[in-house]
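The values are calculated or read from the model by the stated rules, or taken from the named source; none is laboratory data. What you see is a predicted model, and the numbers here were worked out from it, not measured in a lab. Positions of Cβ are backbone-derived with ideal geometry, glycine not excepted, and every protein chain shown enters the neighbour counts. In case anyone asks, the SASA skips ligands and DNA or RNA and just uses the protein heavy atoms, side chains included. Shrake-Rupley method; radii C 1.70, N 1.55, O 1.52, S 1.80 Å.
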Amino acid sequence: MAFDAVLTLRDLGYALGRQILLRDVQLQVSSGECLAVVGPNGAGKTTLFRLLSGEWTPTTGEILFHGRALSHWSVSQLARVRGVLPQSSSLSFPFAAREVVMMGRMPHATGRQQDEAIAEEVMALCDVQRLARRPYTSLSGGERQRVQLARVLAQVWQPAAEGSRLLLLDEPTSALDLSHQLDLMRVVRTVCGSAVTVLVIVHDLNLAARFADRIMMLHQGEAVAVGTPHEVIRPDLIECVFNVQARVIEHPTSGGPLVVV
Amino acid sequence: MFHSRPWLLLILLAGLLLVSVLASLSQGSLAVTPTELWQVFSDRLQGQATGTTQDLVIWQIRLPRVTLSVLVGACLALSGALVQGLFRNPLADPSLIGVSGGAAVGAALAIVLGGSVGGLAGAWTVPLLAFVGGTLVTALVYRLGVGPLGTSVATMLLAGVAINAMTSAFISFLATTAEDVRLRNLVYWLMGSFNVASWQKVLWVAPFTLMSMLMIPALWRGLNALLLGESEARHLGFAVERLRRWVIVLAALTVGVSVAAVGVIGFVGLVVPHIVRMLLGPDHRWLLPAATLLGAALLSLADLAARLLVEPLELPIGVLTAVLGAPFFLFLVMQRRRGQLYGL
């Protein structure tokens, strides 16, 4: 188990002055796993994401990526095996959607022809093919989100010499309507497999329960539970963490847990 | 229009540049026919200085002037495109956000303190200090205006207003303290015209123009990625810090030498990249070279117009570009209010 861990977090913590935003997070994500991070606002999800994406440096503990400290990876090495999708993007120039997706191929030297073929595939997967020629700036929030997802998928589409690939997604469903939320999570689920590991921050517990292999629940900067959806989505935990009285029933078709408020 | 065949636009722009250079060389108070133009060039290329009127007008007066306007136009348009990429904002312009003002302070300082260095080194202090001033302002506005979600247009433009106020106050202060001869140099330079063109100034500007253009192939990919956001560019494998330093240095360098040579000429850096983006899109691979060519062509044409419009007098070129550029800027601001400018 230990040797195929893509991500290892040891005693991970982050403090801003005297305020502790994240403390003592222990986690191992193994290759091909889809791990969802849930928690109320201010629980430390964004802090965790910034540490994992390398934007912030941990104040305590360490992050190992393929057994090697994250800080020892060069940006160009990371770009070949890791795609990062932040919550919102600020592109204010009228690139065509296809050009934005093609940017995901920038770290790779695979040649224009192959890059274009990959762009077509991921655009079809993300349902943005008909937007290919539209300027990014004319797209709606949800369309932009799907184009950005296609971009990071294009980035990790092919095996890389550096090791199995990782996708970090920060609330990718936030700007989407219900059907596209489900579509997007299905896409993520499809991509996630033997060679691609996914760590996704999700707001909606039911979405996390339905699509993740494991769930980590954060509360006030601490990981209060890590486990399968059945282990984590429990009424007592939800009441303690989200301060909501909820019932958890069995999902009528998938058999997974379903939160009913 | 040229989105699918950008190289065609580059060819057309190169043609436009050639035409505007030839027109600028042959038109003026003394009209020169193409044959005479050819004669002057072939004589000079054979190493003969014939001393005819045509030779004097073309070789000593018009050619340095036209060359300088081409170089400065290229510099200003290129620096505009670079600054807009850096700020991830199509409304950034070196003169609006105070970069030109910073460069002007440096240049004015060098002119007023000038003589103490003397000789060739003295001639270089003007562009050098202009470059230092431009770099400081670019770095300052960048610190103030750029946040994780891109540039706040308001912060950037307000910082520019404040910096421009400070720089013009400082230049006025320098003018009041300068001695007679240096004051005259300063005033001539402040009026910002190409009638002060000389081969020496061409020699200042040319190496930096060429160097900036040679950097385009090394920068365009990173600049494209940077438009997605700084962390996005980093996640695509670009060394963002280094890229940003290069862009700041090149933008300040191109603005600095232009300002040092001919004073502050506004709006070229705003209007030219905008026109190019409308023609072929925002991809820096084509935007940077096309803006360089169009800037060169347009500024040499503008200088020709400045010479011809009110003959025998001459319009200061800065006045002409402001008269054309300021309404264009207002038009962009109005579009922005209606939300039609790139969804800003």
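Defining a contact as two alpha carbons under 8 Å apart and six or more residues distant in sequence, what relative contact order in percent does chain A show? Before the final figure, lay out each step's value.
Numbers: 516 pairs, mean separation 65.2, N = 261.
Contact order relative to length: 25 percent.
At a 1.4 Å probe radius, carbon and sulfur cover how many percent of the accessible area of segment B:209-344? Don't skip to the answer; put the middle values down first.
Numbers: 3480 of 5130 Å².
Heavy-atom surface of segment B:209-344 belonging to carbon and sulfur, 1.4 Å probe: 68 percent.
Kindly point out, ordered by number, any Cys in the protein assembly as shown whose beta-carbon has no other cysteine beta-carbon under 4.7 Å away.
A:CYS126, A:CYS240, B:CYS75
Between rounded, prolate and oblate, where does segment B:231-300 land on the alpha carbon gyration tensor, with a ≥ b ≥ c its root eigenvalues, rounded for a/c under 1.5, else prolate if a/b exceeds b/c?
Oblate shape, in that a/c is at least 1.5 and b/c is the bigger or equal ratio.
Out of all DSSP beta bridges with both ends in segment A:167-261, state the antiparallel percent to the nearest 5.
Antiparallel bridges make up about 70 percent of those DSSP assigns within segment A:167-261.
May I ask you to list, by number, the DSSP H helices of chain B whose Cα span along the axis is at least 24 Å and whose average Kyte-Doolittle hydropathy reaches -0.5 or more?
Values: long enough: B:6-26 (30 Å, 2.34); B:63-87 (36 Å, 1.64); B:119-145 (40 Å, 1.38); B:153-177 (36 Å, 1.63); B:199-227 (39 Å, 1.04); B:240-262 (33 Å, 1.42); B:284-308 (36 Å, 1.07); B:317-337 (30 Å, 1.46).
Qualifying helices, which must be both long enough and hydrophobic enough, are B:6-26, B:63-87, B:119-145, B:153-177, B:199-227, B:240-262, B:284-308, B:317-337.
Give me the one-decimal Kirkwood hydrodynamic radius in Å for segment B:64-337, with the sum taken over alpha-carbon pairs.
Computed over Cα pairs of segment B:64-337, the Kirkwood hydrodynamic radius comes out at 18.5 Å.
For chain A, take the convex hull of the Cα atoms, compute a quarter of its surface area, and give me that in nm², please. Write down the numbers at each step before the final one.
Working: hull surface 57.4 nm².
Computing the convex hull of the Cα atoms and averaging its projections yields 14.3 nm².
Could you tell me whether segment B:1-146 comes out rounded, prolate or oblate from its Cα gyration tensor? Rule is a ≥ b ≥ c as square roots of the eigenvalues, rounded for a/c under 1.5, then prolate if a/b exceeds b/c, otherwise oblate.
Numbers: a/c = 3.31, a/b = 1.34, b/c = 2.47.
Here segment B:1-146 falls in the oblate category.
Over the Cα atoms, compute the radius of gyration (one decimal) and Dmax (the largest Cα-Cα distance, rounded to a whole number) for segment A:106-261, in Å.
17.7, 55
For chain A, set up a GNM with springs between Cα atoms under 10 Å and report which of A:LEU70, A:LEU16, A:LEU52 has the largest fluctuation.
A:LEU16
In a GNM of chain B with a 10 Å cut-off on Cα contacts, which of B:LEU228, B:LEU157, B:LEU287 has the highest mean-square fluctuation?
So, out of B:LEU228, B:LEU157, B:LEU287, the one fluctuating most is B:LEU228.
With +1 on each Lys and Arg Cβ and -1 on each Asp and Glu Cβ, and nothing else charged, work out how big the dipole of segment A:1-132 is about its Cα centre, in Debye to the nearest 20.
Values: 12 positive and 12 negative charges, 71 e Å.
Value, rounded to 20: 340 debye.
What does DSSP give for the protein assembly as shown in terms of the percent of beta bridges that are antiparallel, rounded to the nearest 5? Walk me through the numbers on the way to the answer.
Numbers: 28 of 46 bridges.
Antiparallel bridges make up about 60 percent of those DSSP assigns within the protein assembly as shown.
Using a 10 Å cut-off on Cβ to Cβ distances, tally the other chain neighbours for every residue of A:50-61 and report the average as a whole number.
1
Which residue fluctuates most in the GNM of chain A (Cα springs below 10 Å): A:GLN245, A:GLN19, A:GLN77?
Most flexible of the set in this elastic network: A:GLN19.
Along the charge dipole of chain A, which of A:VAL187, A:ALA175, A:THR110 sits closest to the positive end, that is, farthest toward it, with unit charges on the beta carbon of Lys, Arg, Asp and Glu (+1, +1, -1, -1)?
Farthest towards the positive end: A:THR110.
Shape of the protein assembly as shown from its Cα gyration tensor (a ≥ b ≥ c, root eigenvalues): rounded if a/c is under 1.5, otherwise prolate when a/b > b/c, or oblate? Spell out each step's value before the answer.
Numbers: a/c = 2.80, a/b = 2.26, b/c = 1.24.
Because a/c hits 1.5 or more and a/b exceeds b/c, the protein assembly as shown counts as prolate.
Residues with beta-carbon under 13 Å from that of A:LEU125, excluding A:LEU125: net charge, scoring Lys, Arg +1 and Asp, Glu -1? Mind dumping the intermediate values first?
On the way: positive: A:ARG146, A:ARG151, A:ARG186, A:ARG189; negative: A:GLU120, A:GLU121, A:ASP127, A:ASP183.
So the environment of A:LEU125 carries a net charge of 0.
In a shell of Cβ-Cβ distance under 10 Å around B:PRO6, excluding B:PRO6 itself, what net charge do Lys and Arg (+1) and Asp and Glu (-1) give?
On the way: positive: B:ARG5, B:ARG285; negative: B:ASP283.
It works out to a net charge of +1.
In segment A:2-260, what percentage of the DSSP-assigned beta bridges are antiparallel, given to the nearest 5?
Working: 26 of 44 bridges.
Around 60 percent of the beta bridges assigned by DSSP in segment A:2-260 are antiparallel ones.
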